[in-house]
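Okay, so here's the structure we're looking at.
The values are calculated or read from the model by the stated rules, or taken from the named source; none is laboratory data. Please read these numbers as outputs of a predicted model, since none were measured by experiment. For neighbour counting, all protein chains shown are included, and Cβ atoms are generated from backbone atoms with ideal geometry for every residue, glycine included.
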Amino acid sequence: MTTRIVTLANRDNVTYEVDARRPLLDSLREQGVDLPYGCKYGGCITCAARLTQGEIDQRRQVALNNRQIAQGYVILCVARPVTDITLQIGVESHADLYRNPFLDPLAPHELKADIAVPKES
Ligand code: FES
């Protein structure tokens, strides 16, 4: 089993060892981290957290737009760690996640349609 270390920056830098092939949501919840979730297939955004260091593979997610990805958001129910990573979780991580589209419309390049195409590897 290939493992990675996950550090939770806004939880006193506590670390967890996780299986690199499994979704981060499952690995962290099994170790007692209280993380909310909904659909568990990458579509509802409930499980979003912020990646501050390292690299993840979240090709299966369809919930995030380009702005959210550029800000480091990751969808934990489908994301697998490619390297050791550092995350910000919980209410602090959701502060910039949502934006009222009636007050502040998304630009065309930020729309979800732009990110629905999987990255070429
Ligand atoms: S639980 Fe719905 S996107 Fe992760």
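A single member of L28, L87 is modelled with pLDDT of 95 or more and within 11 Å of the chain's Cα centre (by Cα), and it is L87. So for segment 3-17 (the condition being among the aliphatic types (A, V, I, L, M), in contact (Cβ under 8 Å) with a residue 60 or more places away in the chain and surrounded by fewer than 15 Cβ atoms within 10 Å (Cβ to Cβ)), does at least one residue qualify? Yes, that holds for at least one residue.
If you go through segment 25-56 and keep only what is small (G, A, S), free of Cβ contacts under 8 Å to residues at least 12 places away in the same chain and either more than 11 Å from the ligand (Cβ to nearest atom) or in contact with a Phe, Trp or Tyr (Cβ under 6 Å, 6 or more places away or on another chain) (or both), you end up with just G32.
When the criteria are applied in full, V74 fails the requirement of being more than 14 Å from the ligand (Cβ to nearest atom), within 18 Å of L8 (Cβ to Cβ) and of a type in the set (A, V, I, L, M, F, W, C). May I ask you to verify whether V33 is of a type in the set (V, I, T) and crowded, with 19+ Cβ neighbours inside 10 Å? The answer is yes for V33.
Of all residues in segment 57-71 being closer than 15 Å to Y98 by Cβ and within 15 Å of the ligand (Cβ to nearest atom), which is surrounded by the fewest Cβ atoms within 10 Å (Cβ to Cβ)? Result: I69.
Residues checked against (1) at pLDDT 95 or above; (2) within 10 Å of the chain's Cα centre (by Cα); (3) among the hydroxyl-bearing types (S, T, Y):
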position: L8; (1), (2), (3): yes, no, no
position: Y16; (1), (2), (3): yes, no, yes
position: A70; (1), (2), (3): no, no, no
position: C77; (1), (2), (3): yes, yes, no
position: A95; (1), (2), (3): no, no, no
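Checking each residue in segment 6-42 for being over 22 Å from Q61 (Cα atoms) and of a type in the set (A, V, I, L, M, F, W, C) picks out A9, V14.
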